Amino acid sequence: MHQPKVAVVIIHWNRKNLLEQFLPFLVKSTYSNLEIVVADNNSDDDSIAFVKTNYPNITIVKNDDNYGYAGGYNHALKHVTADYFVLLNNDIEVTPNWIEPVIDAMEKDKTIAAAQPKMLDYNNRNKFEYAGAGGGYIDVLGYAFCRGRVFDYLEEDLGQYNDTHAAFWATGACMFVRANVFKKLDGFDEHFFAHMEEIDLCWRMQLDGHALVTVPQSVVYHVGGGTLNKQSPQKTYLNFRNNLIMLTKNLPVSTLIWLIPVRSTLDLLSSIFFIMNGLPKYSLAIHKAHSDYFFKFRKWWKLRKINTTFKPFNQLHGVYKGSVVADHFIKKVKYFSELHRNKFTN
(Lines give C-alpha, C1' and ligand atoms only; values in the text may rest on other atoms or scores of the structure.)
Protein backbone atom coordinates (compact mmCIF):
# COMPACT_ATOMS: atom_id res chain seq x y z
CA MET A 1 0.00 0.00 0.00
CA HIS A 2 1.26 3.45 -0.90
CA GLN A 3 2.42 5.49 2.06
CA PRO A 4 2.27 9.28 1.85
CA LYS A 5 5.64 10.96 2.07
CA VAL A 6 6.51 12.30 5.51
CA ALA A 7 9.28 14.83 6.13
CA VAL A 8 10.44 15.12 9.73
CA VAL A 9 11.94 18.58 9.98
CA ILE A 10 14.04 19.53 13.00
CA ILE A 11 14.50 23.23 13.66
CA HIS A 12 18.00 23.63 15.04
CA TRP A 13 20.41 26.27 16.27
CA ASN A 14 23.84 25.51 17.75
CA ARG A 15 23.12 22.72 20.25
CA LYS A 16 25.13 19.97 18.50
CA ASN A 17 24.95 17.84 21.65
CA LEU A 18 21.20 17.49 21.16
CA LEU A 19 21.68 16.15 17.65
CA GLU A 20 24.25 13.70 18.97
CA GLN A 21 21.82 12.59 21.67
CA PHE A 22 18.55 12.30 19.75
CA LEU A 23 19.26 11.65 16.06
CA PRO A 24 20.14 7.98 16.77
CA PHE A 25 16.55 7.42 17.89
CA LEU A 26 15.05 9.32 14.97
CA VAL A 27 16.92 7.37 12.30
CA LYS A 28 15.44 4.14 13.74
CA SER A 29 11.93 5.29 12.79
CA THR A 30 10.11 2.44 11.04
CA TYR A 31 8.02 4.54 8.64
CA SER A 32 9.28 3.74 5.14
CA ASN A 33 8.47 6.81 3.02
CA LEU A 34 10.42 9.18 5.24
CA GLU A 35 12.81 12.07 4.77
CA ILE A 36 14.65 13.52 7.75
CA VAL A 37 15.60 17.18 7.47
CA VAL A 38 17.67 19.38 9.76
CA ALA A 39 16.54 22.98 9.28
CA ASP A 40 19.49 24.94 10.62
CA ASN A 41 18.97 28.53 11.77
CA ASN A 42 22.52 29.58 10.82
CA SER A 43 24.35 27.76 13.61
CA ASP A 44 27.90 28.91 14.30
CA ASP A 45 29.03 25.66 15.92
CA ASP A 46 29.87 22.45 14.04
CA SER A 47 26.31 21.07 14.05
CA ILE A 48 26.12 20.87 10.26
CA ALA A 49 29.52 19.24 9.91
CA PHE A 50 28.44 16.65 12.48
CA VAL A 51 25.29 15.77 10.56
CA LYS A 52 27.07 15.61 7.20
CA THR A 53 29.75 13.32 8.60
CA ASN A 54 27.60 11.00 10.68
CA TYR A 55 24.22 11.09 8.91
CA PRO A 56 24.84 11.60 5.18
CA ASN A 57 21.27 10.54 4.37
CA ILE A 58 19.78 13.41 6.38
CA THR A 59 18.87 16.46 4.32
CA ILE A 60 20.21 19.80 5.51
CA VAL A 61 18.41 23.06 4.82
CA LYS A 62 20.48 25.98 6.04
CA ASN A 63 18.79 29.32 6.73
CA ASP A 64 20.91 32.44 6.28
CA ASP A 65 20.01 33.81 9.72
CA ASN A 66 18.41 32.77 13.01
CA TYR A 67 14.73 33.35 12.25
CA GLY A 68 13.48 31.75 15.46
CA TYR A 69 10.94 28.96 15.44
CA ALA A 70 8.27 30.55 13.25
CA GLY A 71 10.48 32.13 10.62
CA GLY A 72 12.96 29.27 10.70
CA TYR A 73 10.29 26.77 9.70
CA ASN A 74 8.67 29.08 7.18
CA HIS A 75 11.99 29.58 5.39
CA ALA A 76 13.08 25.96 5.55
CA LEU A 77 9.79 24.32 4.53
CA LYS A 78 9.84 26.18 1.21
CA HIS A 79 12.62 23.75 0.29
CA VAL A 80 10.94 20.56 1.53
CA THR A 81 8.47 18.51 -0.52
CA ALA A 82 6.20 16.04 1.29
CA ASP A 83 2.56 15.19 1.95
CA TYR A 84 3.05 15.69 5.69
CA PHE A 85 5.51 17.75 7.65
CA VAL A 86 6.45 16.68 11.17
CA LEU A 87 7.85 19.71 12.97
CA LEU A 88 10.14 18.22 15.62
CA ASN A 89 12.19 19.89 18.33
CA ASN A 90 15.81 18.82 18.58
CA ASP A 91 15.39 17.69 22.21
CA ILE A 92 12.88 14.88 21.62
CA GLU A 93 13.45 11.14 21.83
CA VAL A 94 11.09 9.32 19.49
CA THR A 95 10.00 5.69 19.60
CA PRO A 96 10.42 3.44 16.52
CA ASN A 97 6.77 3.41 15.36
CA TRP A 98 5.85 6.93 16.46
CA ILE A 99 4.89 8.11 12.96
CA GLU A 100 2.48 5.42 11.76
CA PRO A 101 -0.43 5.91 14.21
CA VAL A 102 -0.65 9.65 13.54
CA ILE A 103 -0.43 9.37 9.76
CA ASP A 104 -3.03 6.56 9.83
CA ALA A 105 -5.43 8.79 11.77
CA MET A 106 -4.88 11.72 9.41
CA GLU A 107 -5.28 9.53 6.31
CA LYS A 108 -8.57 8.15 7.62
CA ASP A 109 -9.97 11.60 8.41
CA LYS A 110 -9.07 14.17 5.80
CA THR A 111 -10.52 17.00 7.91
CA ILE A 112 -7.58 16.68 10.33
CA ALA A 113 -4.98 19.32 9.45
CA ALA A 114 -2.64 18.85 12.42
CA ALA A 115 -2.02 16.31 15.14
CA GLN A 116 0.38 15.46 17.91
CA PRO A 117 1.53 12.35 19.79
CA LYS A 118 1.41 11.85 23.53
CA MET A 119 4.18 14.01 25.00
CA LEU A 120 5.94 12.54 28.02
CA ASP A 121 8.74 13.98 30.12
CA TYR A 122 12.17 12.72 29.06
CA ASN A 123 13.51 13.00 32.61
CA ASN A 124 10.40 11.65 34.35
CA ARG A 125 8.92 9.22 31.89
CA ASN A 126 5.75 8.40 33.73
CA LYS A 127 4.64 12.04 33.64
CA PHE A 128 3.22 14.21 30.90
CA GLU A 129 5.49 16.90 29.50
CA TYR A 130 4.67 20.60 29.73
CA ALA A 131 4.74 21.46 26.02
CA GLY A 132 1.73 19.56 24.72
CA ALA A 133 1.12 16.69 27.18
CA GLY A 134 -2.01 14.88 25.96
CA GLY A 135 -3.22 17.64 23.63
CA GLY A 136 -3.73 21.39 23.75
CA TYR A 137 -6.85 23.30 24.82
CA ILE A 138 -7.81 26.88 25.57
CA ASP A 139 -10.33 28.54 27.87
CA VAL A 140 -12.67 31.45 27.15
CA LEU A 141 -10.11 33.92 28.50
CA GLY A 142 -7.47 32.69 26.07
CA TYR A 143 -5.33 30.69 28.50
CA ALA A 144 -3.76 27.59 27.01
CA PHE A 145 -3.52 24.31 28.91
CA CYS A 146 -3.29 20.61 28.14
CA ARG A 147 -4.86 17.27 28.72
CA GLY A 148 -2.53 16.15 31.49
CA ARG A 149 -1.12 19.60 32.29
CA VAL A 150 -3.03 22.44 33.94
CA PHE A 151 -0.70 25.43 34.21
CA ASP A 152 2.44 24.06 35.92
CA TYR A 153 0.87 20.90 37.35
CA LEU A 154 1.88 17.81 35.37
CA GLU A 155 -0.10 14.61 35.77
CA GLU A 156 1.25 11.10 35.87
CA ASP A 157 0.42 9.11 32.73
CA LEU A 158 -1.79 6.25 33.89
CA GLY A 159 -3.39 5.68 30.50
CA GLN A 160 -6.25 7.98 31.45
CA TYR A 161 -5.99 9.94 28.18
CA ASN A 162 -5.22 7.12 25.77
CA ASP A 163 -8.05 7.80 23.32
CA THR A 164 -7.58 9.77 20.12
CA HIS A 165 -9.22 13.05 20.95
CA ALA A 166 -10.08 16.37 19.33
CA ALA A 167 -7.99 19.31 20.56
CA PHE A 168 -7.74 23.05 20.07
CA TRP A 169 -4.01 23.02 19.32
CA ALA A 170 -1.15 20.62 18.69
CA THR A 171 2.24 21.22 20.25
CA GLY A 172 4.88 22.89 18.13
CA ALA A 173 7.45 20.59 19.72
CA CYS A 174 6.09 17.67 17.68
CA MET A 175 3.43 18.78 15.23
CA PHE A 176 2.22 16.62 12.36
CA VAL A 177 0.70 18.90 9.73
CA ARG A 178 -0.66 18.51 6.21
CA ALA A 179 1.81 20.26 3.97
CA ASN A 180 -0.86 21.70 1.68
CA VAL A 181 -2.77 23.25 4.60
CA PHE A 182 0.43 24.69 6.10
CA LYS A 183 1.24 26.34 2.78
CA LYS A 184 -2.33 27.50 2.14
CA LEU A 185 -2.34 29.35 5.47
CA ASP A 186 1.14 30.81 4.85
CA GLY A 187 2.64 28.84 7.72
CA PHE A 188 3.51 30.39 11.03
CA ASP A 189 3.13 34.08 11.80
CA GLU A 190 6.71 35.33 12.02
CA HIS A 191 5.69 38.28 14.20
CA PHE A 192 5.58 35.76 17.06
CA PHE A 193 9.27 34.78 16.63
CA ALA A 194 8.77 32.05 19.24
CA HIS A 195 5.98 30.91 21.60
CA MET A 196 2.30 30.44 20.74
CA GLU A 197 2.78 30.53 16.98
CA GLU A 198 1.64 26.91 16.85
CA ILE A 199 -1.58 27.75 18.73
CA ASP A 200 -2.17 30.65 16.36
CA LEU A 201 -1.69 28.38 13.34
CA CYS A 202 -4.02 25.72 14.77
CA TRP A 203 -6.61 28.40 15.48
CA ARG A 204 -6.43 29.58 11.88
CA MET A 205 -6.76 25.99 10.74
CA GLN A 206 -10.01 25.72 12.67
CA LEU A 207 -11.27 28.96 11.18
CA ASP A 208 -10.46 27.44 7.77
CA GLY A 209 -12.62 24.40 8.56
CA HIS A 210 -10.05 21.87 9.72
CA ALA A 211 -9.80 19.65 12.80
CA LEU A 212 -6.93 18.91 15.21
CA VAL A 213 -6.34 15.77 17.26
CA THR A 214 -4.01 14.04 19.69
CA VAL A 215 -3.05 10.45 18.86
CA PRO A 216 -1.70 8.91 22.10
CA GLN A 217 -0.80 5.60 20.42
CA SER A 218 2.24 7.58 19.31
CA VAL A 219 4.58 8.43 22.19
CA VAL A 220 7.62 10.72 22.33
CA TYR A 221 9.79 11.99 25.19
CA HIS A 222 10.61 15.69 25.40
CA VAL A 223 13.37 17.30 27.46
CA GLY A 224 11.74 20.72 27.14
CA GLY A 225 11.93 23.77 29.33
CA GLY A 226 8.68 23.72 31.24
CA THR A 227 7.34 26.08 33.84
CA LEU A 228 7.53 29.85 33.95
CA ASN A 229 9.88 29.97 36.92
CA LYS A 230 12.40 28.06 34.81
CA GLN A 231 12.04 30.41 31.89
CA SER A 232 13.84 33.59 31.09
CA PRO A 233 12.12 36.99 31.28
CA GLN A 234 12.35 37.07 27.47
CA LYS A 235 10.18 33.93 27.27
CA THR A 236 7.71 35.49 29.71
CA TYR A 237 7.58 38.62 27.55
CA LEU A 238 6.92 36.62 24.38
CA ASN A 239 4.25 34.44 26.00
CA PHE A 240 2.24 37.40 27.33
CA ARG A 241 2.67 39.57 24.22
CA ASN A 242 1.99 36.78 21.75
CA ASN A 243 -1.10 35.62 23.59
CA LEU A 244 -2.65 39.07 23.24
CA ILE A 245 -1.67 39.26 19.56
CA MET A 246 -3.18 35.82 18.93
CA LEU A 247 -6.49 36.78 20.52
CA THR A 248 -6.58 40.02 18.53
CA LYS A 249 -5.93 38.21 15.24
CA ASN A 250 -8.48 35.44 15.57
CA LEU A 251 -11.49 36.49 17.66
CA PRO A 252 -14.55 38.51 16.60
CA VAL A 253 -14.70 42.12 17.75
CA SER A 254 -17.68 41.35 20.00
CA THR A 255 -15.44 39.06 22.07
CA LEU A 256 -12.35 41.29 22.05
CA ILE A 257 -14.26 44.27 23.46
CA TRP A 258 -14.61 42.57 26.84
CA LEU A 259 -11.76 40.07 26.73
CA ILE A 260 -8.78 42.40 26.28
CA PRO A 261 -9.65 44.51 29.38
CA VAL A 262 -10.18 41.32 31.41
CA ARG A 263 -6.88 39.85 30.24
CA SER A 264 -5.04 43.09 30.94
CA THR A 265 -6.31 43.03 34.51
CA LEU A 266 -5.33 39.39 35.02
CA ASP A 267 -1.90 40.02 33.51
CA LEU A 268 -1.44 42.92 35.94
CA LEU A 269 -2.21 40.52 38.79
CA SER A 270 0.42 38.15 37.38
CA SER A 271 3.00 40.94 37.40
CA ILE A 272 2.15 41.69 41.04
CA PHE A 273 2.55 37.98 41.83
CA PHE A 274 6.06 38.00 40.37
CA ILE A 275 6.99 41.11 42.38
CA MET A 276 5.71 39.54 45.59
CA ASN A 277 7.76 36.42 44.89
CA GLY A 278 10.99 38.32 44.32
CA LEU A 279 11.00 38.08 40.53
CA PRO A 280 10.96 41.72 39.37
CA LYS A 281 12.44 40.92 35.93
CA TYR A 282 9.44 38.75 35.14
CA SER A 283 7.07 41.50 36.26
CA LEU A 284 8.86 43.97 34.01
CA ALA A 285 8.61 41.48 31.13
CA ILE A 286 4.81 41.48 31.47
CA HIS A 287 4.69 45.29 31.42
CA LYS A 288 6.98 45.34 28.40
CA ALA A 289 4.67 42.85 26.66
CA HIS A 290 1.66 45.07 27.27
CA SER A 291 3.51 48.17 26.13
CA ASP A 292 4.51 46.52 22.88
CA TYR A 293 0.99 45.21 22.37
CA PHE A 294 -0.90 48.46 22.97
CA PHE A 295 1.59 50.86 21.35
CA LYS A 296 1.65 48.68 18.21
CA PHE A 297 -2.03 47.79 18.32
CA ARG A 298 -2.74 48.97 14.78
CA LYS A 299 0.00 46.66 13.50
CA TRP A 300 -1.49 43.64 15.27
CA TRP A 301 -5.00 44.57 14.15
CA LYS A 302 -3.93 44.48 10.51
CA LEU A 303 -2.94 40.83 10.94
CA ARG A 304 -6.65 39.94 11.10
CA LYS A 305 -6.85 40.21 7.32
CA ILE A 306 -5.28 36.74 6.96
CA ASN A 307 -8.56 35.21 8.18
CA THR A 308 -11.66 35.06 6.02
CA THR A 309 -13.95 34.43 8.98
CA PHE A 310 -14.05 34.82 12.75
CA LYS A 311 -15.84 32.62 15.26
CA PRO A 312 -16.57 33.06 18.97
CA PHE A 313 -15.09 30.50 21.33
CA ASN A 314 -18.30 28.48 21.58
CA GLN A 315 -18.13 27.69 17.86
CA LEU A 316 -14.60 26.25 18.04
CA HIS A 317 -13.47 22.77 19.11
CA GLY A 318 -11.39 22.13 22.22
CA VAL A 319 -12.47 25.24 24.14
CA TYR A 320 -13.16 25.13 27.87
CA LYS A 321 -16.18 27.37 28.43
CA GLY A 322 -15.16 28.05 32.03
CA SER A 323 -12.09 29.80 33.41
CA VAL A 324 -9.17 27.44 33.92
CA VAL A 325 -7.49 30.26 35.89
CA ALA A 326 -10.31 30.36 38.46
CA ASP A 327 -10.58 26.56 38.57
CA HIS A 328 -6.85 26.08 39.15
CA PHE A 329 -5.90 28.97 41.38
CA ILE A 330 -9.13 29.38 43.36
CA LYS A 331 -10.80 25.96 43.27
CA LYS A 332 -7.38 24.19 43.31
CA VAL A 333 -8.15 21.97 40.33
CA LYS A 334 -4.98 20.12 39.30
CA TYR A 335 -6.21 17.42 36.95
CA PHE A 336 -7.62 17.93 33.47
CA SER A 337 -10.20 15.24 34.27
CA GLU A 338 -11.53 17.42 37.12
CA LEU A 339 -12.66 20.07 34.64
CA HIS A 340 -16.35 19.59 33.85
CA ARG A 341 -16.76 17.70 30.59
CA ASN A 342 -19.95 19.53 29.71
CA LYS A 343 -17.99 22.78 29.69
CA PHE A 344 -15.91 21.72 26.69
CA THR A 345 -16.99 22.51 23.16
CA ASN A 346 -17.25 19.48 20.87
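The values are calculated or read from the model by the stated rules, or taken from the named source; none is laboratory data. Since the model is a prediction, treat every value here as computed from it, not as a measurement. Ideal geometry is used to build each Cβ from the backbone, glycine not excepted, and the neighbour counts take in all protein chains shown.
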Can you name the residue in the stretch 278-298 that is farther than 15 Å from M246 by Cβ and without any contact (Cβ under 8 Å) to a residue 40 or more places away in the chain and, of all such residues, is farthest from the chain's Cα centre (by Cα)? G278
Just to check your reading of the model, which residue among F145, F151, F188 is under 15 Å from the mean Cα position of the chain (by Cα) and under 17 Å from N74 (Cα atoms)? F188
Would you say L279 is modelled with pLDDT under 95 and closer than 25 Å to A131 by Cα? yes
Checked the stretch 169-181 for anything assigned to a helix (DSSP H, G or I) and touching a strand residue (DSSP E or B) at 6+ places or on another chain (Cβ under 6 Å); matches are A179, V181
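Confirm whether Y282 is buried (at least 20 other Cβ atoms within 10 Å of the Cβ), hydroxyl-bearing (S, T, Y) and out of contact with any Pro (no Cβ under 9 Å at 6 or more places or on another chain). Don't jump to the end; show me each part of the working.
Values: buried (at least 20 other Cβ atoms within 10 Å of the Cβ): yes; hydroxyl-bearing (S, T, Y): yes; out of contact with any Pro (no Cβ under 9 Å at 6 or more places or on another chain): no.
For Y282, the condition - buried (at least 20 other Cβ atoms within 10 Å of the Cβ), hydroxyl-bearing (S, T, Y) and out of contact with any Pro (no Cβ under 9 Å at 6 or more places or on another chain) - is not met.
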State which residue is surrounded by the fewest Cβ atoms within 10 Å (Cβ to Cβ) when the search covers only the stretch 313-336 and only residues that are farther than 17 Å from L247 by Cα and among the basic types (K, R). K332
Within the stretch 92-119, how many residues turn out to be over 13 Å from T214 (Cα atoms) and either surrounded by 21 or more Cβ atoms within 10 Å (Cβ to Cβ) or of a type in the set (F, W, Y) (or both)? 2
With respect to K127, is the statement that it is of a type in the set (D, E, K, R), in a strand (DSSP E or B), touching a residue at least 24 places away in the same chain (Cβ under 8 Å) and surrounded by 23 or more Cβ atoms within 10 Å (Cβ to Cβ) true? no
Of (1) more than 22 Å from A170 (Cβ to Cβ); (2) surrounded by fewer than 19 Cβ atoms within 10 Å (Cβ to Cβ), D83 satisfies every one except (1)
Being within 8 Å of the chain's Cα centre (by Cα) and within 19 Å of V94 (Cβ to Cβ) is the filter; apply it to the stretch 160-173 and report the residue that is surrounded by the most Cβ atoms within 10 Å (Cβ to Cβ). A170
Output the number of residues of the stretch 137-189 satisfying the condition of being among the charged types (D, E, K, R), within 30 Å of T265 (Cβ to Cβ) and modelled with pLDDT of 95 or more. 5
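Every residue in the stretch 6-33 that is aliphatic (A, V, I, L, M) and either touching an Asp or Glu at 6+ places or on another chain (Cβ under 7 Å) or surrounded by 18 or more Cβ atoms within 10 Å (Cβ to Cβ) (or both), please.
Correct list: V6, A7, V8, V9, I10, I11, L18, L19, L23, L26.
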Residues in the stretch 300-336 that are touching a residue at least 24 places away in the same chain (Cβ under 8 Å), within 30 Å of K183 (Cα to Cα) and in a helix (DSSP H, G or I): how many? 8
D65 is checked against (1) within 23 Å of the chain's Cα centre (by Cα); (2) buried (at least 20 other Cβ atoms within 10 Å of the Cβ) and fails just one. What number does that condition carry? (2)
All conditions in (1) of a type in the set (A, V, I, L, M, F, W, C); (2) modelled with pLDDT of 95 or more; (3) within 21 Å of L207 (Cβ to Cβ) are true of A70 except (2)
Positions within the stretch 68-79 being in contact with a strand residue (DSSP E or B) (Cβ under 7 Å, 6 or more places away or on another chain) and crowded, with 17+ Cβ neighbours inside 10 Å, in sequence order: Y69, G72, Y73, A76, L77
Of the numbered conditions (1) over 23 Å from I10 (Cβ atoms); (2) free of Cβ contacts under 8 Å to residues at least 40 places away in the same chain; (3) surrounded by 24 or more Cβ atoms within 10 Å (Cβ to Cβ), D157 fails exactly one; give the number of that condition. (3)
Would a scan of the stretch 250-266 turn up a residue that is in contact with a Phe, Trp or Tyr (Cβ under 6 Å, 6 or more places away or on another chain) and hydrophobic (A, V, I, L, M, F, W, C)? no
